[in-house]
Amino acid sequence: MSLTRRQATSLAALSAVPLALAATGTAQATSDRRTRTLYIAGDSTAAQKYADAAPETGWGMALPFFLHKDRSVANHAVNGRSSKSFVDEGRLDAILDEICSGDFLIIQFGHNDQKENDPARYTEPWSTYQDYLRRYIEGARSRGARPVLATSVERRRFDADGNARTSHGDYPAAMRALARQERVALLDIQALSLALWQELGVEETKKYFNWTETEQDNTHFNPPGAIAVARLVARELLRTRVLAPQDLHRLDETIPESWITWPQATA
């Protein structure tokens, strides 16, 4: 069968497209579809917990429940670390060795930066704390990843009148100021968690923290608390447009506590 003039012209144009250009387009489409990872650099409130610590739960353990499968979580948060000690131990370098263009680095420190009597961890909010946070920001950007600052989740503290109290001094304000200065997305988890604890009240908040028969822990979470804080983080990722609506789900759904698991610690 003979080709019409229009068909012949179209076929000639198609055959003239360089193979390299076609391959580039295919590679770009593949890249656009790849899994984008959310790395977490932080302290014990976010960290992965293991069987020997159950029911203590970091909010980073619950964050994947709110993300679609093409947005994974690499939780590098570790108990007891500050913005300084995390860097000094080489943990930021370990993230930067892995993180790729298009990934995200969520940075949450402040709890342990406050420890004035511990020079390995202490930072001053308006100087060294901001200096260390800049290292995370610059490191992520140098790899083509997007840095995201997150103010520290609040502890469970109430005054005699039942009002939820702040406990992080100037660290949240210093992070907010740095976020504005560096034009970094800010997840204001400190303000949101404080409002949530106020709404729940003195007794109800006990159900969100690691209160057991032998321990009354007002800093670390149990599964309901970790899920509640992870939901705040997920909603902030949407509000700040770090993630798009299609990246998230279950924001208003009940997440079963049974979804939380504590693996055995590796040697």
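The values are calculated or read from the model by the stated rules, or taken from the named source; none is laboratory data. Note that this is a predicted model, so its numbers are computed, not measured. FYI the Cβ positions are ideal-geometry reconstructions off the backbone, even for glycines, and counts take in every protein chain you see. Surface accessibility is based on the protein's heavy atoms, side chains included, excluding ligands, DNA and RNA. Shrake-Rupley method; radii C 1.70, N 1.55, O 1.52, S 1.80 Å.
So, Ala160, is that one among the aliphatic types (A, V, I, L, M) and open to solvent by 70 Å² or more (accessible area, probe 1.4 Å) or not?
yes
If you go through the stretch 169-189 and keep only what is touching a residue at least 60 places away in the same chain (Cβ under 8 Å) and closer than 16 Å to Trp59 by Cβ, you end up with Leu187, Ile189. Residues that are outside any helix (DSSP H, G or I), surrounded by fewer than 22 Cβ atoms within 10 Å (Cβ to Cβ) and among the small types (Gly, Ala, Ser): does the stretch 103-114 have at least one? No, every residue in the stretch 103-114 fails to be outside any helix (DSSP H, G or I), surrounded by fewer than 22 Cβ atoms within 10 Å (Cβ to Cβ) and among the small types (Gly, Ala, Ser).
One residue alone among Gly58, Gly90 is open to solvent by less than 50 Å² (accessible area, probe 1.4 Å), at pLDDT 95 or above and on the phi > 0 side of the Ramachandran plot, and that residue is Gly90. In summary, Lys69 fulfils each of the numbered conditions (1) of a type outside the set (Gly, Ala, Ser); (2) at pLDDT 95 or above; (3) out of contact with any Lys or Arg (no Cβ under 6 Å at 6 or more places or on another chain) with the single exception of condition (2). Here Asn210 qualifies as assigned to a strand (DSSP E or B), crowded, with 20+ Cβ neighbours inside 10 Å and either in contact with a Gly (Cβ under 8 Å, 6 or more places away or on another chain) or among the polar types (S, T, N, Q) (or both).
One residue alone among Thr128, Thr166 is within 14 Å of Asp88 (Cβ to Cβ), of a type outside the set (Lys, Arg), touching a residue at least 24 places away in the same chain (Cβ under 8 Å) and open to solvent by 40 Å² or more (accessible area, probe 1.4 Å), and that residue is Thr128. With the condition kept exactly as written, say whether any residue in the stretch 225-241 is under 16 Å from the mean Cα position of the chain (by Cα), outside any helix (DSSP H, G or I) and under 22 Å from Ile40 (Cβ atoms). Yes: the stretch 225-241 contains one or more residues that are under 16 Å from the mean Cα position of the chain (by Cα), outside any helix (DSSP H, G or I) and under 22 Å from Ile40 (Cβ atoms).
Yes or no, residue by residue, for (1) over 30 Å from Trp126 (Cβ atoms); (2) touching a Leu at 6+ places or on another chain (Cβ under 6 Å):
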site	(1), (2)
Asp170	no, no
Ala185	no, no
Ala230	no, yes
Arg250	yes, no
Thr254	yes, no
Glu257	yes, no
Trp262	yes, no
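Contact annotation: residue pairs with Cβ atoms under 6 Å, 6 or more positions apart or on different chains, pairing a residue in the stretch 224-241 that is over 21 Å from Trp259 (Cβ atoms) with a partner that is open to solvent by 10 Å² or more (accessible area, probe 1.4 Å) and not in a helix (DSSP H, G or I), are Thr240/Ala185. Taking residues in the stretch 141-152 that are in contact (Cβ under 8 Å) with a residue 12 or more places away in the chain and assigned to a loop (DSSP other than H, G, I, E, B), and partners anywhere that are among the acidic types (Asp, Glu) and open to solvent by 10 Å² or more (accessible area, probe 1.4 Å), the pairs with Cβ atoms closer than 8 Å and at least 6 places apart or on different chains are Thr151/Asp188. Of the residues contained in the stretch 50-68, one or more are found to be assigned to a loop (DSSP other than H, G, I, E, B), touching a Pro at 6+ places or on another chain (Cβ under 8 Å) and touching a residue at least 12 places away in the same chain (Cβ under 8 Å). In the set (1) part of a helix (DSSP H, G or I); (2) touching a residue at least 60 places away in the same chain (Cβ under 8 Å); (3) touching a Ser or Thr at 6+ places or on another chain (Cβ under 8 Å), the condition left unmet by Trp197 is number (2). Looking only at residues in the stretch 214-267 that are farther than 12 Å from Met61 by Cα and of a type in the set (Lys, Arg), the one that is most open to solvent (accessible area, probe 1.4 Å) is Arg241.
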